[in-house]
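Report on the following structure.
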Amino acid sequence: MSIAPAKILASLSINGSVVECAFNPNKTLLEVLREDVGLTGTKHGCEMGHCGACTVIVDDLPVLSCLTLAVESIGHEIRTIEGVARDGVLHPVQRALAESGGAQCGYCTPGIIMSAVALLEQNPAPTREDVAQGLSGNLCRCTGYTKIIEAVENASAELRSAR
Amino acid sequence: MLRLPPFEYHAATSAEEAVSLLARFGPDALPVSGGTDLYANMKQRLFTPKVLVGLRPIADLQFIAYNAVTGLALGALATLTDIADSPVVRKYYPALAQAAALISTPQLRNTGTIGGNICLDTRCNYYNQNLDWRKALNYCMKKDGDICRVAPGSPKCVAVNSSDTAPVLQAFGARVHLTSPTGTRELPIAEFFLDDGMFAWARRHDEIVTKIVIPPPAGDTRSAYRKLRLRNSFDFPILGVAAVVQLDGAGKCVAAKLVLNAVSSRPVEVSEAARALVGSALSPETIGDAADAAFRAGRPLDNTSATIPYRKRMVRVFAQRALEDAARAVPLAD
Ligand SMILES: Cc1cc2nc3c(=O)[nH]c(=O)nc-3n(C[C@H](O)[C@H](O)[C@H](O)COP(=O)(O)OP(=O)(O)OC[C@H]3O[C@@H](n4cnc5c(N)ncnc54)[C@H](O)[C@@H]3O)c2cc1C
Ligand code: SF4
Ligand code: FES
Ligand code: FES
């Protein structure tokens, strides 16, 4: 009967590097990151847009990799959790989450960090309400959010004092 | 992993190219913008198109433009984030900015478009389920089955229009512009929405929405949107109420539109509410009469979360709140 559509050969820009890969057109960015590129830091939760675990940053905006095709990501700058720490030094958001106990099981954490990093890049001095809004697309079943919001506020203060 | 079914993907770079691809591949092809609705539905096998025509690369359809004579023009690919943040939308059409900002989550608003939002598939508890779930129940009429599980005697599907911007656009009198291989046409958005959850839009398979145009606000026009949902993020509306009122210099209401959503397969315009408001100043009495009219017009069925009596009662409450918000809104300074 029908023949599966041919694989697409493409270069994706991931965390500042060009990555060559081949994937079927129906593969999501999440699947290609985890299965073809080997970057498993981006988590799969619901895969339906209901949890935010799969959040990555594309062209400076947080988006859901479970509802984005890899083929739609060609030519765009993709950032994942693996690209957040620089030269082995944690990003202030990562350090603040660790210090404040903002991660328990940790499954939501990569997605939360991507949302928080994008938020602080756009709005370096967010109010508590801005932080809550910025993280309103990320579910966490463990922490109750308070520690996470505090961590993002602490990271924002640290980033501002470093400027 | 919950995977997408196989398909061929063709990216279009212009509206003309998109519609010629749709015409070439026939009804097996679907357009996709942000994919935040379509990909989720495809994962549940509600759609298994052989071809997807990707509209995202069409740079010409990403605009938001305001002009005091012609009003607001929204390119179909303007994202919900763009609309929620747009200074002209916030200033002249606050209810639209409010509705866009209340949709889903920041990540989904960064991807979801206004064109996709007005073409959002209608929703129902018996439909938005995975294949195994639907199969176990022997499906329903909207997809693969014979009868409606919500209204078994009904010849049409009563799945609800769950778009947050649709009622607002209708209250503002928006017009939808469509392009097909044979040309372009435009129609009032109230005529774009049809009263059957299975065939809910006046869009042919080879047509795409290119833009949505809203007339400039007349005089002292004020607007507000109120949304009922179980959680204050992620969730689709189980009721949406858009209110647009125009006041004269003495504060008398000279025009009004109240439109409900998520209670029917298309937005419901409550003309009786407008009659209760027009001709006098907005007061607790006239707003109460309009909210009563909304209560009578809103007839939720058992196909979303929360019970029917609760949702019905909330129609009055949310209609009243939307009108109070509009009455309190700061008038436009020209
Ligand atoms: C968890 C979750 C929560 C959500 N909550 C809400 C909510 O609260 N309120 C709400 O309104 N929506 C909600 N949505 C739905 C969706 O994200 C938005 O409606 C969004 O605006 C859809 O736009 P899109 O570009 O992603 O559409 P797509 O998924 O690309 O398309 C949707 C439909 O429209 C068609 N289409 C797309 N663009 C065009 C065009 N230009 N011309 C003709 N047809 C077109 C597609 O073929 C498809 O049938 C939610 C989605 C998820 C996953
Ligand atoms: S309203 Fe009826 S036909 Fe429509 S999706 Fe629900 S159960 Fe199916
Ligand atoms: S895995 Fe993408 S939102 Fe849940
Ligand atoms: S830490 Fe467990 S889900 Fe957030």
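The values are calculated or read from the model by the stated rules, or taken from the named source; none is laboratory data. Quick caveat: nothing in here was measured; it's all calculated off a predicted structure. Cβ placement follows ideal geometry from the backbone for every residue including glycine, while neighbour counts extend to all protein chains displayed.
What the table shows:
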read-out	value
Criterion violated by B:TYR39 - all others in (1) among the hydroxyl-bearing types (Ser, Thr, Tyr); (2) within 14 Å of chain A (Cβ to nearest Cβ); (3) touching a residue at least 40 places away in the same chain (Cβ under 8 Å) satisfied	(3)
Residues of the range B:90-138 that turn out to be among the aliphatic types (A, V, I, L, M), within 15 Å of ligand 1 (Cβ to nearest atom) and in a helix (DSSP H, G or I), as a count	9
Flag if B:PHE47 is closer than 21 Å to A:PRO5 by Cα and part of a helix (DSSP H, G or I)	no
Selection count, the range A:109-151, where residues are part of a loop (DSSP other than H, G, I, E, B), within 16 Å of ligand 4 (Cβ to nearest atom) and of a type outside the set (Phe, Trp, Tyr)	10
Odd one out for A:GLU47 among (1) charged (D, E, K, R); (2) farther than 18 Å from B:THR105 by Cβ; (3) at the interface with chain B (Cβ under 10 Å from one of its Cβ atoms)	(2)
Qualifying residue in the range B:9-29 (condition: at the interface with chain A (Cβ under 10 Å from one of its Cβ atoms) and under 30 Å from B:ALA218 (Cβ atoms))	no
Residues within the range B:143-164 that are over 19 Å from the mean Cα position of the chain (by Cα) and either buried (at least 23 other Cβ atoms within 10 Å of the Cβ) or within 16 Å of ligand 3 (Cβ to nearest atom) (or both), tallied	1
Among the candidates B:SER20, B:SER14, B:SER33, residue that is at pLDDT 95 or above and either in the same structural domain as B:LEU323 (by TED's automatic domain parsing) or within 19 Å of the chain's Cα centre (by Cα) (or both)	B:SER33
Residue satisfying all of: in the range A:65-106; under 16 Å from A:LEU30 (Cβ atoms) and free of Cβ contacts under 8 Å to residues at least 60 places away in the same chain; farthest from the other protein chains (Cβ to nearest Cβ) among these	A:ILE81
Looking only at the range B:90-122, and only at residues there that are more than 13 Å from chain A (Cβ to nearest Cβ) and of a type in the set (D, E, K, R), the one that is surrounded by the fewest Cβ atoms within 10 Å (Cβ to Cβ)	B:LYS91
Odd one out for B:LEU4 among (1) on the phi < 0 side of the Ramachandran plot; (2) more than 10 Å from ligand 1 (Cβ to nearest atom); (3) surrounded by fewer than 23 Cβ atoms within 10 Å (Cβ to Cβ)	(3)
Pick from the range A:5-44, criterion more than 10 Å from chain B (Cβ to nearest Cβ) and in a helix (DSSP H, G or I), ranking: nearest to A:THR109 (Cα to Cα)	A:LEU33
Checklist (1) more than 16 Å from ligand 3 (Cβ to nearest atom); (2) in contact (Cβ under 8 Å) with a residue 24 or more places away in the chain; (3) hydroxyl-bearing (Ser, Thr, Tyr) applied to B:THR105, failing item	(1)
Output for the range B:60-89, where each listed residue is surrounded by fewer than 23 Cβ atoms within 10 Å (Cβ to Cβ) and either at pLDDT below 95 or of a type in the set (A, V, I, L, M, F, W, C) (or both)	B:PHE63, B:ILE64, B:ALA65, B:ALA68, B:VAL69, B:ALA73, B:ALA84, B:VAL88
Any chance A:GLU99 is of a type in the set (Asp, Glu) and out of contact with any Asp or Glu (no Cβ under 8 Å at 6 or more places or on another chain)	yes
Total residues in the range B:287-317, condition outside any loop (DSSP other than H, G, I, E, B) and touching a residue at least 40 places away in the same chain (Cβ under 8 Å)	5
Candidates B:ALA65, B:ALA59, filtered to the one that is among the aliphatic types (A, V, I, L, M) and in contact with a Gly (Cβ under 9 Å, 6 or more places away or on another chain)	B:ALA65
Filter result for the condition that a residue is touching a residue at least 40 places away in the same chain (Cβ under 8 Å) and either within 16 Å of ligand 3 (Cβ to nearest atom) or farther than 22 Å from B:MET198 by Cβ (or both), over B:ASN117, B:ASN128, B:ASN110	B:ASN128
Selection from the range A:28-44 of residues that are surrounded by fewer than 21 Cβ atoms within 10 Å (Cβ to Cβ) and not β-branched (Val, Ile, Thr)	A:ARG34, A:GLU35, A:ASP36, A:GLY38, A:LEU39, A:GLY41, A:HIS44
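Table: residues versus (1) within 16 Å of ligand 3 (Cβ to nearest atom); (2) within 14 Å of chain B (Cβ to nearest Cβ).
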position	(1), (2)
A:PRO124	no, no
A:VAL131	no, yes
A:LEU139	yes, yes
A:GLY144	no, no
A:ALA151	no, no
A:ASN154	no, no
A:ARG160	no, no
A:ARG163	no, no
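Listed here are the residues, each with its yes/no results for (1) part of a strand (DSSP E or B); (2) exposed (fewer than 15 other Cβ atoms within 10 Å of the Cβ); (3) at pLDDT 95 or above.
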{"site": "B:ALA166", "(1), (2), (3)": "no, no, yes"}
{"site": "B:LEU169", "(1), (2), (3)": "no, no, yes"}
{"site": "B:THR184", "(1), (2), (3)": "yes, yes, yes"}
{"site": "B:ASP196", "(1), (2), (3)": "no, no, yes"}
{"site": "B:ILE212", "(1), (2), (3)": "yes, no, yes"}
{"site": "B:ARG226", "(1), (2), (3)": "yes, no, yes"}
{"site": "B:ARG231", "(1), (2), (3)": "no, yes, yes"}
